[in-house]
Amino acid sequence: MGQVVDWSSHHVLYPQGASLRAMTLGERDARAYWNYLNLVKAANDGRFHYQPGGEKHRLMPPQIDWSVSLGTAGAAAHMYPAKYSFNVNATPNCSNDYVVFPINVNGSATQATIAAFNNLYTGSSSTSCSSTVNIAASPTGAVENGARTTATITTMTSHGLTIGDSVVISGVANASFNGTFAVATTPSTTTFTVANASPLANATSGGGTAAISTGPTVIWAYRPATTGTTRTRTSPILSLDGTKVAFLDGNSPAIFHVLTPTAGQGTVAAPAVPTGAQMASVTLTGATTDTNSPPFVDYYGDVAYVGTNNGMLFKITGVFKGTPALAGAPWPLTAGAGTLTGPVIDFGTGNIFVGSSDGNLYGFTAAGAAITNSPLTVGSGRANGGIADPPVVDVVNGLIYVTSGEEPTRTFAVVVEASTSSFAAANVNVADIGNNNAAPLHAGAFNDAYFSVPTNMTGTTSEWFFYVCGVAPGAGTNPVLYRVGFNGTPRKMNTTASATTVTLSANGGEQCSPITELKNGVDRIFLGLLTTAVVEFFDISTTTTPTLGGTGGVAPVAESGGTSGIIVDNISAIPQASSIYFTTQANSANCGTHRCGVKLTQSGLQ
């Protein structure tokens with residue numbers, strides 16, 4: 001069985017993965033199974049987090065494993081790429097593992113709107129997606145400007161090296177030439193210059209080998225055949241077998257597509273146009289465009305749900321295993337008149353939830369009826385008072401969490417907890433997370449303890465936290481990292497959030513990306529800052545103040561314009577096989593002054 005990691009992975013959660021309830025829910029939703037595997041891997045982190053003798057792996061500066069050009073756009077600011085791993089119980093697969101990037105710009109003969117890449121894993125491990133060539137015995141090793149070396153290799157032109165590619169050199173008689181280097185100048189037919197940390201003495205190399213890693217390979221890239229606004233504004237979602245991808249285009253009315261791609265078709269700069277049965281498309285009749293609602297798939301029922309900018313919630317049947325078609329009455333449902341978020345299913349009750357720019361959270365039964373006390377007022381509905389991101393649903397405990405930048409009756413940004421069965425006032429808790437109306441607030445994330453500690457254990461509620469990017473208290477408008485605690489069983493959220501004393505930036509009104517959490521030896525959260533233009537991570541493995549960059553304070557990584565939503569692909573000890581993926585929000589020199597799709601090793605843990 002493969003594994004899909006996409007936007008929905010952060011919004012449908014299964015704490016206590018080994019509990020009978022969580023396992024039963026896994027019969028309905030594959031995400032429960034993947035959640036369980038992550039919990040097991042995290043619990044057994046001693047296999048990879050500690051070296052023989054009990055010493056931790058050392059934290060290296062975060063490194064960009066690769067950046068690929070996506071053209072004039074990438075994913076929208078709070079949308080996500082999607083990653084497919086062919087076998088969750090095997091080592092990473094260079095051919096079959098892939099990542100899909102949505103591209104938020106209209107398609108053309110020179111611009112794709114969606115593209116996929118494989119050969120994702122770089123580095124010197126046995127699973128590295130690289131080729132090996134011989135380094136000539138001589139002449140080589142000349143020092144250039146006292147801080148660079150040149151290397152001469154055979155069959156140079158067949159490898160297509162470019163500046164920034166990673167080259168692993170080994171077996172050279174002069175050991176100073178061995179190591180991992182970045183190509184620093186445009187290669188000639190037989191030579192290239194590599195960056196080196198310190199000057200080397202003039203010497204011949206004596207020969208050796210070079211593992212040439214040229215970064216990811218485009219598997220396929222497409223643009224729709226239709227004209228108009230064909231950009232992929234929202235996050236894609238993948239089939240369980242990895243053969244299909246579902247996404248919305250930016251037309252009005254919006255069009256839902258299910259693509260069955262063919263390897264080798266198209267590039268980002270010369271995309272293919274799907275033909276015949278490759279693309280099944282369904283027009284959302286009565287809708288306007290969709291700028292904020294990625295499709296959510298119920299794999300068991302083979303149905304998808306998606307919202308639009310005029311408050312309509314659609315159901316599409318036959319998504320991956322049949323012929324996609326709009327469901328009949330009572331669908332589509334009306335959820336206010338605002339721009340909707342992605343919908344999320346609580347697989348415990350079968351209820352469907354969607355947020356809106358009008359500040360309300362809407363809940364519906366599978367039959368389309370409103371649940372008790374729906375809609376629930378969360379935000380003011382003004383400029384920053386809507387619900388910007390899909391709800392986060394704890395399926396095992398029947399709880400739902402949303403954020404808004406402005407609560408309607410007070411001067412605070414808020415995170416709200418409610419029951420997935422009823423929005424009755426007794427089931428709702430509200431925590432303030434700083435000053436109001438500074439910026440749209442995006443989805444938060446729980447720490448690992450929330451997932452792994454059963455609710456029937458006493459003395460553990462103090463270890464559960466929901467982390468969210470809020471706003472400075474008082475008159476401040478800059479982003480601050482908050483965490484909301486819990487005070488009982490069932491998991492009742494505190495109504496007073498605790499500022500972690502971590503000020504994310506001094507920029508007033510700056511937006512954070514949604515927060516992504518994963519425990520890979522150390523429990524971490526990842527987020528991007530759109531004005532500061534960085535991606536950063538925090539160690540949240542203790543109940544003390546989160547540490548920026550972990551032990552040693554590893555600095556944030558500069559990313560042009562900040563990041564889209566971030567996905568984390570794996571819990572693994574294998575170098576490069578445990579990484580984060582996102583797109584930049586501005587053009588980058590790393591991608592020929594285009595937007596980049598980026599793979600970054602998790603916090604540089606090597």
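The values are calculated or read from the model by the stated rules, or taken from the named source; none is laboratory data. Predicted model, so just to flag it, every value in this text is computed and none were measured. Note that each Cβ is placed from the backbone with ideal geometry, even for glycine, and that neighbours are counted across all protein chains shown.
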- Leading residue by the ranking (modelled with the lowest pLDDT) among those in segment 558-583 that are under 12 Å from the mean Cα position of the chain (by Cα) and polar (S, T, N, Q): N570
- When the residues of segment 387-415 are filtered to those that are in contact with a Gly (Cβ under 8 Å, 6 or more places away or on another chain) and acidic (D, E), which remaining residue is nearest to M79 (Cα to Cα)? D389
- Taking N435 as meeting all but one of (1) within 19 Å of Y14 (Cα to Cα); (2) of a type in the set (S, T, N, Q); (3) buried (at least 19 other Cβ atoms within 10 Å of the Cβ), write down the number of the exception. (1)
- Where in segment 17-109 are the helices (runs of 4 or more DSSP H), entirely inside, with at least 2 residues that are at pLDDT 80 or above and either loosely packed, with under 14 Cβ neighbours inside 10 Å or touching a helix residue (DSSP H, G or I) at 6+ places or on another chain (Cβ under 9 Å) (or both)? 20-25, 30-43
- Of the residues that sit in segment 385-418 and are among the polar types (S, T, N, Q) and touching a strand residue (DSSP E or B) at 6+ places or on another chain (Cβ under 6 Å), which one is farthest from N437 (Cα to Cα)? T403
- Which listed residue is surrounded by fewer than 24 Cβ atoms within 10 Å (Cβ to Cβ), part of a strand (DSSP E or B) and under 26 Å from the mean Cα position of the chain (by Cα), from V416, V402: V416
- May I ask you to verify whether I371 is under 29 Å from V297 (Cβ atoms), at pLDDT 95 or above and in contact with a Pro (Cβ under 7 Å, 6 or more places away or on another chain)? no
- Quick count over segment 464-506, residues being in contact with a helix residue (DSSP H, G or I) (Cβ under 9 Å, 6 or more places away or on another chain) and either surrounded by fewer than 19 Cβ atoms within 10 Å (Cβ to Cβ) or assigned to a loop (DSSP other than H, G, I, E, B) (or both), is 8
- Query: Looking at segment 513-523, is at least one residue closer than 15 Å to A439 by Cα, touching a Cys at 6+ places or on another chain (Cβ under 7 Å), crowded, with 22+ Cβ neighbours inside 10 Å and not small (G, A, S)?
  - Reply: no
- Query: Considering segment 303-312 alone, what residues qualify as being crowded, with 24+ Cβ neighbours inside 10 Å and hydrophobic (A, V, I, L, M, F, W, C)?
  - Reply: A304, V306, M312
- Return the residue satisfying two criteria in turn: it lies in segment 419-432 and is within 23 Å of F364 (Cα to Cα) and of a type in the set (A, V, I, L, M, F, W, C), and of such residues it is surrounded by the fewest Cβ atoms within 10 Å (Cβ to Cβ). A426
- Message: With the structure loaded, tell me whether T496 is in the same structural domain as L399 (by TED's automatic domain parsing), over 15 Å from T542 (Cα atoms), out of contact with any strand residue (DSSP E or B) (no Cβ under 6 Å at 6 or more places or on another chain) and modelled with pLDDT under 90 or whether it fails that test.
- Response: yes
- Note on the structure: Taking segment 283-302 and keeping only residues that are surrounded by fewer than 21 Cβ atoms within 10 Å (Cβ to Cβ) and either of a type in the set (F, W, Y) or part of a strand (DSSP E or B) (or both), one is left with T283, D298, Y299, Y300
- Item | Residue within segment 208-220 that is surrounded by 20 or more Cβ atoms within 10 Å (Cβ to Cβ) and modelled with pLDDT of 95 or more present | yes
